[in-house]
1. If we keep just the residues of the stretch 123-139 that are out of contact with any helix residue (DSSP H, G or I) (no Cβ under 9 Å at 6 or more places or on another chain), under 23 Å from Ala78 (Cβ atoms) and of a type in the set (A, V, I, L, M, F, W, C), which is surrounded by the most Cβ atoms within 10 Å (Cβ to Cβ)?
2. Does at least one position in the stretch 57-64 carry a residue that is closer than 27 Å to Thr134 by Cβ, in contact with a helix residue (DSSP H, G or I) (Cβ under 6 Å, 6 or more places away or on another chain), surrounded by 13 or more Cβ atoms within 10 Å (Cβ to Cβ) and at pLDDT 95 or above?
3. Which number in (1) under 21 Å from Arg47 (Cα atoms); (2) modelled with pLDDT of 95 or more marks the one condition that Arg103 misses?
4. Looking at the stretch 112-157, what strands (runs of 3 or more DSSP E) fall wholly within it and have at least 3 residues that are closer than 23 Å to Gly61 by Cα, under 15 Å from the mean Cα position of the chain (by Cα) and not hydrophobic (A, V, I, L, M, F, W, C)?
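The values are calculated or read from the model by the stated rules, or taken from the named source; none is laboratory data. Just so it is clear, the model here is predicted, and its values are computed rather than measured. Positions of Cβ are backbone-derived with ideal geometry, glycine not excepted, and every protein chain shown enters the neighbour counts.
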Amino acid sequence: MVLRSLRATLYLSAAGDGIAVIARRNLEDHRAVLFAGEFDGKIDSHRRLAIPAVFAGELSGGVVVARGFERCISIYSAEGWERIASEIRELPVTNAETRRLARFIFASANEQEPDRQGRIELPRAVLLYAGITTEVSVIGTGDAVEVWDRDSWAAQLGTLHVRVAGSSNSLDVFPDASDEGRSAA
């Protein structure tokens, strides 16, 4: 299903074990891709992962595989990687936290092209970092795709709703309607 408006084109797709949304936004000639959805997958004996079909088109031009922040693997499109790398490069190199972040992300970065079957090879070091052996959950996180050990993702998801509920109000992402009523009184 494709939804279009003057400001965005939204692609909805159901595939395999999940439903995904890939949205393209065209604002001031800036095209952004939104990866969303959750899928089960497996790492084969050659450390390859088949990219879910709903993500494959946006990742067909090359990907960068790197450590994720919460013991997962992050997969970026070439465009998404350039945005992340640019943001890190703009941080002050004289700051020790900046240098630590740059080492964490860039040391594990691995550029590659998916093969003809839409698979990418995950480096042994990032698989070990994420505790991944075979069974994985592949999730869209907006600008990237994350690969989690399936049990680790289930544990993360089990507590995620509590964290999101607590942080969404402090970030003013989803203001509580009852708060709006109180502030107007």
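1. That would be Val126.
2. yes
3. Here Arg103 meets the rest and fails (1).
4. Working: elements: 119-121, 135-142, 145-149.
The qualifying strands (runs of 3 or more DSSP E) are 135-142.
So that you can scan it fast, the table gives a plain yes or no per residue for (1) in contact with an Asp or Glu (Cβ under 6 Å, 6 or more places away or on another chain); (2) under 16 Å from Glu111 (Cβ atoms); (3) of a type in the set (Val, Ile, Thr):
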site: Glu38; (1), (2), (3): no, no, no
site: Phe55; (1), (2), (3): no, no, no
site: Leu59; (1), (2), (3): no, yes, no
site: Gly68; (1), (2), (3): yes, no, no
site: Ile75; (1), (2), (3): no, yes, yes
site: Trp81; (1), (2), (3): no, yes, no
site: Ser86; (1), (2), (3): no, yes, no
site: Thr98; (1), (2), (3): no, no, yes
